[in-house]
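The structure appears below as structure tokens.
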Amino acid sequence: MLLPKFEIHEPSDIGEACEILAELGPEAKVLAGGTDLLVNMKKRVLSPPHLVYLGRVDELRSLDSEGACPALSTGAGSLGSPLVRNLATIGGNLVSARPAADFPPSLLAYDARVVLKSRKGERQIPLDEFFKGPGETMAESGEILTRVVLPKSPEGAGSAYIKLGLRKALEISLVNVAAYLTLDEDGAVREARIALGSVAPTPVRAPSGEQVLVGEKPTEALFAEAGKAAVADTSPIDDFRASAAYKRDMVKVLTRRALSQALESIRAK
């Protein structure tokens, strides 16, 4: 199937991209990797007359790798297929706002913020406030997601990401879970974050599960209790991939496993 006709614009920096978007308004769409946008254009779900291609903007091609983020790297390795991963971008995975996307749970677990820029200026939004619904975010017309900012984790932090699917590549998650833990000197949980995908209209944190953990010594029984509590923060639906009841059961199981893996990563340091 052929793409609909469009005019492409290739800015060389963020400022120029923002100017083009401001001038063209809602008739323009941002093109980065194109792994979602171009597919939707072929299907005629979208037919924007203008595309603003960001591939020549060097400011958007850098990655500060200071500090290790194992849950994020695991999520990245779970996305699509090698071909998709070679094209896709972190920003695109976020602004597409798919409930089952691979990057959001890990980034939520790391308490990430997104930076949006337009001709009017720049603003930062906590990622747990960024998603409004399937395909909807807090980004306004003319704004570009230019950065994702993660607070530096303390030395003893541990994290993990688990994706449940029916196959190993090109799979949309049935449930995906990320967990993040830090411990006090006495071994009790100081900070806990649990993030879930595919079980609500947006990727979500699970504060009910997190509250079970804080101040307690980590055990498999405690992690199982946190997994059961995390279900209260979900609202899965029945679909052709799995029933809502199955997804709730998998939240319990995968949350326990992700917390166990996060703890193991702490103890391995």
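The values are calculated or read from the model by the stated rules, or taken from the named source; none is laboratory data. Being a predicted model, the structure only gives us computed values, none of them experimental. Positions of Cβ are generated from backbone atoms using ideal geometry, with glycine treated the same way; all protein chains shown enter the neighbour counts. For accessibility, only protein heavy atoms count, side chains too; no ligands or nucleic acids. Shrake-Rupley method; radii C 1.70, N 1.55, O 1.52, S 1.80 Å.
For the chain, modelled as a GNM whose springs connect Cα atoms under 10 angstrom apart, the maximal fluctuation among Pro151, Pro11, Pro201 occurs at Pro151. Total lysine pairs in region 10-123 at Cα distances under 24 Å, for residues eight or more apart or on different chains: 4.
Taking 0.36 nm per residue of separation and subtracting the Cα-Cα distance, full extension of the segment from Arg123 to Glu220 would add 30.9 nm. Ligands, DNA and RNA aside, Tyr246 has an accessible area near 90 Å² when probed at 1.4 Å. Remark: the chain carries a charge dipole of roughly 900 debye about the Cα centre, counting +1 on each Lys and Arg Cβ and -1 on each Asp and Glu Cβ. With every protein chain in place and a 1.4 angstrom probe, the accessible-area ranking of Cys18, Cys69, largest first, reads Cys69, Cys18. Amide H contacts of Arg98 (H built 1.01 Å from N, in plane; Pro and chain starts excluded): Gly135 sit under 5 Å, all sequence-distant by 5 or more or on other chains. Taking a point 7 Å from the Cα of Glu264 along the Cα-to-Cβ direction, the residues of region 189-224 with backbone N closer than 17 Å to it are 218-224.
Residues in region 221-233 carry Karplus couplings, in order, of 5, 5, 5, 5, 5, 5, x, 5, 5, 4, 4, 4, 9 Hz; the curve used is 6.51 cos²θ - 1.76 cosθ + 1.60 with θ = phi - 60°, and Gly or Pro positions show x. Look at [x] 51, 47, 38; [y] 61, 48, 37; [z] 59, 40, 30: the one that is Cα extents along the principal axes in Å derived from this structure is [z]. Computed over protein heavy atoms with a 1.4 Å probe, the accessible surface of the chain works out to 52 Å² per residue. Applying a DSSP loop filter and a limit of 12 other Cβ atoms within 10 Å to the trypsin sites (Lys or Arg not before Pro) in region 166-221 leaves Arg167, Lys168. Please find the FRET efficiency linking Asp239 to Phe6, where r is the Cβ-Cβ separation and R0 is fixed at 30 Å, and quote it to the nearest 0.05. Once rounded, the FRET efficiency stands at 0.40.
Restriction of the GluC sites (Glu not before Pro) in region 1-96 to DSSP coil positions whose beta-carbon has at most 12 other beta-carbons within 10 angstrom yields Glu66. As a calculated quantity, the FRET efficiency between Ser208 and Ser47 at R0 = 45 Å, using C-beta atoms, amounts to about 0.60. Ligands, DNA and RNA excluded, the heavy atoms of Arg119 present near 120 Å² of accessible surface to a 1.4 Å solvent probe.
When only alpha carbons are used to place a centre, region 186-223 and region 107-185 end up 16 Å from one another. When you filter the GluC sites (Glu not before Pro) in region 91-152 for DSSP loop state and at most 14 other Cβ atoms inside 10 Å of their Cβ, you are left with Glu140. May I have the count of lysine pairs in region 129-269 with C-alpha atoms under 30 Å apart, counting pairs 8 or more residues apart or located on different chains? Taking the Cα cut-off of 30 Å, the pair count is 28.
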